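Here's the structure, in structure tokens; my notes come after.
The values are calculated or read from the model by the stated rules, or taken from the named source; none is laboratory data. Keep in mind that this is a model prediction, so the values were computed, not measured. As a convention, Cβ positions derive from the backbone with ideal geometry for all residues, glycine included, and neighbour counts pool all protein chains shown. Note: areas computed on protein heavy atoms with side chains; ligands, DNA, RNA excluded. Shrake-Rupley method; radii C 1.70, N 1.55, O 1.52, S 1.80 Å.
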Amino acid sequence: MRARGASRTPRPRERGAGAPHALSTGDVLERLGTDRDRGLSEDEAHRRLADDGPNTLPADGGPGLAARIARQFHHPLIYVLLAAGAITAAIGHHVDSAVIIAVVLVNAVVGFIQEHRAEVALDSLRSMVTSQTRVVRDGIARSMDSESLVAGDVVVLEAGDRVPADLRLIACAELAMDESALTGESAPALKGHEAVPAATSVADRTCVAFAGTLVTAGGGTGVVTATGLRTELGRIHELVDSAEVLATPLTRKLARFSRDLTIVIVGLAVATFAVGWIRGQAVVDTFIAAVALAVGAIPEGLPAAVTIVMAIGVGRMARRRAVIRRLPAVETLGSTTVICSDKTGTLTENQMTVRAVWIPGVGEHAVTGTGYSIHDGAIGEPDDEHASVDANHALRWSVLAGAACNDARLHEREGRWGAVGDPTEAALLVVAAKAGLHQEHVSRDYPRVSTIAFDSDRQYMATLHGAEEFDSSHVVLVKGAAERVVALCTAQARPDGGLEPVDHAAVEQATHRLAERGLRVLATAMVADASPTDFTEESLAGRLVLTGLHGMLDPPRSAAIDAVRACATAGIKVKMITGDHAATATAIARQIGLLAEHAGPRDVLTGDRLAQLTPAEYPAAV
């Protein structure tokens, strides 16, 4: 590892790769000087390896053994105890001296062992980028040690592989990645090879596979853009490794107490010696009396007691798979007063299930069954003719939009159904299958031609499909946030296939009624007789036909309910932060105990309300 401040080889991005996620695959390959089919030559790869170094996360030398041991004694009270131990030994009080030194040593040993365990856990990060991987060099795919990867190498990914370096994807086949190590999101992230804006956050860079993440489904090919410490995982390693040791509330109080106590004890000892000397007592006897007073006043058990209490806390955290790098840090958790938490996947199960479908002019159909099984449950009652996609034109296109305007996949393994992709999209696939519209049939009969991807600003996803039943042979299908999609609609579909103006009052009432039950509400819409040459975000405004609303539930975790209750008992406030509808968030908050039944609208803040607050009102509202 190069010393800090020393000259180093330019990173791949500094070579000219720019922000790889914002460049086309052709531009990335050109700037990295590689070929998508042949990769690098062995000679060029060896030259780059010599320049950039191996694809590993190097261990930081850090303080040596002696320095780490000495750090355990760096405390004002320890200094006084060591001095007291030495003085008591000098005056012949060997038992007292041994007890004092033993306390100091036990404190140092416990602290050293815990820090060592934390360092070992931190070092495990390095193993996340060391593996065997398939690399294309000189046109031949071969398996090699990931440590030998360099920028410009073409890597082949398959399900089960751990990504060996940061890759700009150049080809994908239903590729999904587990990126929880970087983003904290438990749901696999679907990947593609299309460039995204340069300002896109790490979690939304769909065309990049990050070092240390896992391929959960599909396959693909990517070109290495960063290795070792230059990867996002390497950046995390550097940040953790360089983190400053901050004073905790306990260490600050102990330091202040130790300083004040030391001053008082030394002052009393000096005063005792001065009084004895003034009164003409023997100097040696007076000095011994002053030292005895100082030793007796020192709470030598305090450091040991504090260390033992913190060690117990660290042990409990370790059993829950939390690594505490420094003993005093565990006390900081005890000083926590507010916890801000995401909702989906944290307070809830992250396994959506459509519980109701609302169709314009008809009303709500209950959906039975839970989970991702397509055989468990159905839409509506058996004798309800409007619950059949064959008899209800609007229902058919609503569930069809959910299945076709969708990037998730369902799978069955050993009799259990699961999903790859966004849980919301998986829920839409399930309800469509319950209506008899299976995704494989939808993909065959309505092949996708183009896509307008979902993003947080747009709040909807739109897809263009081939459809022989229309004159133009194309149809646009849309799904997204109810408020956003309905605002783009000028008509709504009737069960008989006709159109009528949107009944905004009925839609708003249905949305509110579903959300009050804790359901997340999505709207579906379509544009028949669409043109492939006029498939843009601007062209959809005012042309969409509303086909229905889907209300889905992500049930609360039972563990989250218990955790919220425990936090309340401990005096810790829990805040939920979510992108869901306010009514949905309110219902879930009540179910897990965050809100009382009588809570008012002021207890739920939306983004619009926050934006309207003045700087003076904002802290009080939060």
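What distance in nm lies between label points placed 7 Å from Cα along the C-beta direction at ARG47 and GLU537? In this crude spin-label approximation the distance works out to 4.3 nm. Magnitude of the charge dipole for the stretch 476-622, about its Cα centre and with charges confined to Cβ atoms of Lys, Arg (+1) and Asp, Glu (-1), is about 680 debye. Please work out the C-alpha center-to-center distance from the stretch 445-500 to the stretch 147-167 and express it in whole Å. First find each Cα centre; the distance between them is then 38 Å. Rg/Rh for the chain (Cα atoms only, Rh after Kirkwood) is 1.10. With respect to the chain, whose longest principal axis is taken over its alpha-carbon atoms, helix 42-52 is tilted by about 40°. In the chain, the longest principal axis of the Cα atoms and the axis of helix 423-434 are about 30 degrees apart.
Sorting 156-169, 422-435 by their mean Cβ neighbour count within 10 Å, with the most densely packed peptide first, gives 422-435, 156-169. Here the extension length gained between VAL106 and ARG134 equals 5.0 nm, from 0.36 nm per residue of separation less the Cα-Cα distance. Between PHE73 and GLN509, the simple label model (points 7 Å from Cα in the Cβ direction) yields a spacing of 8.1 nm. Relative to the dominant Cα principal axis of the chain, helix 76-90 is inclined by about 30°. The residues of the stretch 479-581 have, on average, 47 Å² of accessible surface per residue, using a 1.4 Å probe with all protein chains present.
Shown is the FRET efficiency for GLU483 and TRP277, computed with R0 = 60 Å from the Cβ-Cβ distance and rounded to the nearest 0.05: 0.10. Of the solvent-accessible surface of the stretch 558-619, computed with a 1.4 Å probe and all protein chains present, 57% belongs to carbon and sulfur. Calculated FRET efficiency, SER473 to ALA570, Cβ-Cβ distance, R0 = 60 Å: about 0.45 to the nearest 0.05. Extending 7 Å from the Cα toward the beta-carbon at both ASP27 and ASP145 defines two label points whose distance is 3.7 nm.
Were the residues from ASP383 through ASP204 laid out at 0.36 nm apart, the gain over their Cα-Cα distance would be 59.9 nm. In terms of distances greater than 30 angstrom between alpha carbons, the cross-link table entries LYS191/LYS575; LYS191/LYS434; LYS191/LYS479; LYS191/LYS573; LYS434/LYS575; LYS253/LYS343 yield LYS191/LYS575; LYS191/LYS573; LYS434/LYS575; LYS253/LYS343.
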